[in-house]
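Each remark here refers to the structure printed beneath this line.
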Amino acid sequence: MTELKSLQNHFLVAMPSLDDPYFSRSLIYICEHNAEGAMGIVVNQPSTMNVKQLLEQTDKELTVSDDKAEQIVLAGGPVSQERGFVLHSSQREWASSLKLAPGVMVTTSKDILTAIANDEGPEDVLIALGYAGWTAGQLEKEMQENAWLTIEADEEILFNTPMHKKWQATVNKLGVDVWQLAPGAGHA
């Protein structure tokens, strides 16, 4: 049996042939991947709300700084869409922060939202509602079926590339023409 190579801190890049309405042309940051399954956040699909609207729903007392107010909240995935996840640079930790890579953390506690509202949050921030999840072996099966390509995550793409350009920027970094790749896996 082959040892599982963790895809934590990698991007999943949807192949052009993936026609699932939620995942078409999606770019997913993998937060956790082990023998029990995988969890990631779609980082290039907008939700219908911005940070100000989200924080007003969370706590009516919060006033959001103008520079963060209009930032779009991501539609992080189809699972638990009522749960918030904050991907951020790792200047400091909050109550439920988990370090994913040297420069990337995920936090799910409300204290980070208060810090963001008060302009005391991390330098780089992506806020998402929901996540993408796979059971044991499910992601590996989808990869064998050529639904996804993987590449180590790039913090510049993750935090500083406009949402609508992230998928193409990552495809360009792969160095292959994904439009020329066969949609079906070739097994002898």
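Restricting the search to the range 13-30, which residues are within 18 Å of Leu129 (Cα to Cα), buried (at least 21 other Cβ atoms within 10 Å of the Cβ) and not aromatic (Phe, Trp, Tyr)?
Ser26, Leu27, Ile28, Ile30
Within the range 18-39, can you find the residues that are small (Gly, Ala, Ser) and in contact with a helix residue (DSSP H, G or I) (Cβ under 9 Å, 6 or more places away or on another chain)?
Within the range 18-39, Ser26, Gly37, Ala38 meet the criteria.
Can you tell me which residue among Ala153, Ala169, Ala95, Ala128 is surrounded by 14 or more Cβ atoms within 10 Å (Cβ to Cβ), touching a Ser or Thr at 6+ places or on another chain (Cβ under 6 Å), within 25 Å of Asn50 (Cα to Cα) and among the hydrophobic types (A, V, I, L, M, F, W, C)?
Unique residue meeting the criteria: Ala169.
Yes or no: Leu12 of a type in the set (A, V, I, L, M, F, W, C) and within 16 Å of the chain's Cα centre (by Cα)?
It is true that Leu12 is of a type in the set (A, V, I, L, M, F, W, C) and within 16 Å of the chain's Cα centre (by Cα).
For the range 101-124, enumerate the residues that are part of a strand (DSSP E or B), aliphatic (A, V, I, L, M) and surrounded by 19 or more Cβ atoms within 10 Å (Cβ to Cβ).
Val104, Met105, Val106
Looking only at the range 144-167, count every residue that is at pLDDT 95 or above, under 18 Å from Gln180 (Cα atoms) and in a helix (DSSP H, G or I) and tell me the total.
Residues in the range 144-167 being at pLDDT 95 or above, under 18 Å from Gln180 (Cα atoms) and in a helix (DSSP H, G or I): 1 in total.
Do you know which of the residues in the range 45-104 that are touching a strand residue (DSSP E or B) at 6+ places or on another chain (Cβ under 8 Å) and acidic (Asp, Glu) is nearest to Glu155 (Cα to Cα)?
Glu93
If we scan the range 55-67, do we find a residue that is crowded, with 16+ Cβ neighbours inside 10 Å and under 18 Å from the mean Cα position of the chain (by Cα)?
No: the range 55-67 contains no residue that is crowded, with 16+ Cβ neighbours inside 10 Å and under 18 Å from the mean Cα position of the chain (by Cα).
The values are calculated or read from the model by the stated rules, or taken from the named source; none is laboratory data. Keep in mind that what you see is a predicted model, and the values were worked out from it rather than measured. Cβ sites come from the backbone with ideal geometry, for glycine too, and all protein chains shown count toward neighbours.
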